[in-house]
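No lab work stands behind these numbers, since they all come straight from the coordinates. What you see is a predicted model, and the numbers here were worked out from it, not measured in a lab. Glycine also receives a Cβ, built like all others from the backbone with ideal geometry; neighbour counts cover every protein chain displayed.
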Amino acid sequence: MSGNPYLPKPAKLIEALEMTAIEKLFRFEFVNEEDAKSFSYKPGQFVTVSVPGVGESPISICRSPTRPGPLELLIRRVGRVTNAIHNLKLGDVVGIRGPLGNGFPMEEMKGYDVLLIAGGLGIAPLMSVLQYVIDKREEYGDVVLLYGVRSYQEALFRDMAVDLIENPEKAGIKTFLSFEREDPVFSKLMEEHPQNVRKGVVTVLFECADPYIKPDKVCAVVCGPPVMYRFVLKELVKRDVPPERIYLTLERRMKCGIGKCGHCVVGGATAIKYICKDGPVFTYSDVLAVRGLV
């Protein structure tokens, strides 16, 4: 990020798509052409969105830098700032600071298989990785997506997930979907594609994906609710995936985004990390070394 890190750049809302009852996909364009030209980011980075008179909130970018266009942010309505963002009208202007954080090491992952594991809203930060490897398909091995949701109504990018399952040759992605609640849409999909769709939490999909998880060739990328990490990490360790090739994107009390406010500091006397500055992407090796990271 160049220039004053505290100074937001004005961006105009050009589109807002309702994804679920509490989540929308927002598309913003920078008001100033120079700001648009200078905005360069990596998959996994985030921005802070500020609404004048209300406050600001850190939000992950869910569009790959390989796809030029407006800034895409998937935002859940959970508090004062996100409520104000959801109430914006087309043409309204917000402030954008960023890009912030470290992002995923896409260069280091080249040549490896990529295993994406998402739970609920966790699919949003992983969309930038998924789109990136699709657009640079020849640079990576097998790409496998495990996506766990509660129901069809609460699933994000549900049409994309269903399309990937029904047309696996389209993007060369092996996709597996789990749902927790009784759901006629997903139940029908499970009948038609029993090898790809299961009822339960996301970890039930590891059995489906096992043929594609080769510990010496895979990088795992994980994002979801906090409770999910412990169980997903257990499954990955059981399959001998090296800790240094398990990447997690974490959001924990982030506020300023540049390591000044101290809201996201974790660790102890021997190791301290700032989620916003040192992350939000960490390896499982980091998790083992830093107390309270997950």
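Would you mind putting 174-181, 33-40 in packing order, based on average other-beta-carbon counts within 10 Å, highest first? Working shown, then result.
Working: 174-181: 21.8, 33-40: 12.1.
Peptide ranking by packing, descending: 174-181, 33-40.
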Among the DSSP beta bridges whose two residues both lie in the chain, what percent are antiparallel, rounded to the nearest 5? 60 percent
Among LYS42/LYS277; LYS24/LYS170; LYS9/LYS255; LYS42/LYS273; LYS12/LYS273; LYS136/LYS217, the pairs whose Cα-Cα distance exceeds 24 Å are LYS24/LYS170; LYS12/LYS273
Give the aspartates and glutamates whose C-alpha is closer than 19 Å to that of LYS260, dropping any in the same chain fewer than 8 places away, or say none. GLU56, GLU251, ASP278
Paramagnetic reach from VAL78 (point 7 Å along Cα→Cβ, amide N under 13 Å) across the range 242-273: 250-255
Positive-pole candidate from VAL162, VAL265, TYR284, dipole of the chain, charges at beta carbon: VAL265
Pull out the extension gain between SER38 and ASN4, defined as 0.36 nm times the separation in residues minus the alpha carbon to alpha carbon distance; nm, one decimal. 10.9 nm
In whole Hz, with x marking every Gly and Pro, tabulate ³J(HN,Hα) for the range 104-112 from phi via Karplus 6.51 cos²θ - 1.76 cosθ + 1.60, θ = phi - 60°. 7, x, 4, 5, 5, 7, 4, x, 9
DSSP beta bridges in the range 181-294: the antiparallel percent, rounded to 5, is 65 percent
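Please work out how much length the chain gains when fully extended from VAL237 to GLU15, using 0.36 nm per residue of separation minus the C-alpha to C-alpha distance, in nm with one decimal.
This chain segment gains 75.8 nm when fully extended.
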